[in-house]
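Trainee: One structure, as structure tokens, below. Some questions next.
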Amino acid sequence: MRIQVTRTGGLAGRPARAELDTAERLDAPHVHALAREAVAGASRIPSYGVPDGYHYRIVVDGRTVHCADPKLTDSQRELISLVLRQGVSLPAVGD
């Protein structure tokens, strides 16, 4: 499973983007369950939370959903954190 997260917004306005491939991961079943829950609780259209909050685009195997702070589910928060920390950094949108 390929999971990509793009984070935009925030006070500094610096985007971040990363991708995680679960093929070789020992915790793949957990990450797959997390991704399914995160996608199920998100919207297919961009959503905006609070001013200066982060907005996220999550792509799981080609399916794109959107969510924003502070209304993230626990699974969205955990998945976003995991991908941005452990995934391969990609050029930010527009780079």
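Trainee: Do you know which of the residues in segment 21-54 that are within 15 Å of Arg7 (Cα to Cα) and of a type in the set (Ser, Thr, Tyr) is modelled with the highest pLDDT?
Mentor: Ranking the qualifying residues of segment 21-54, first place goes to Tyr54.
Trainee: Of a type in the set (Ser, Thr, Tyr), closer than 13 Å to Ile3 by Cβ and out of contact with any Gly (no Cβ under 8 Å at 6 or more places or on another chain): is that true of Ser81 in this structure?
Mentor: So Ser81 passes the test.
Trainee: Write out, first by first residue and then by second, each pair whose Cβ atoms fall under 8 Å of each other, whose residues are 6+ apart or on separate chains, and whose first residue, in segment 11-27, is over 14 Å from Leu82 (Cβ atoms) while the second is of a type in the set (A, V, I, L, M) and part of a loop (DSSP other than H, G, I, E, B).
Mentor: Arg14/Ala92; Pro15/Ala92; Pro15/Val93; Arg17/Leu90; Arg17/Ala92; Arg17/Val93; Ala23/Met1
Trainee: Which ones in segment 21-62 are within 19 Å of Ala92 (Cα to Cα) and of a type in the set (Lys, Arg)?
Mentor: Selection gives Arg57 alone.
The values are calculated or read from the model by the stated rules, or taken from the named source; none is laboratory data. From a predicted model like this one, the values you see are computed outputs, not experimental measurements. Methodologically, a virtual Cβ is constructed for each residue, glycine included, from the backbone with ideal geometry; neighbour enumeration extends over all protein chains shown.
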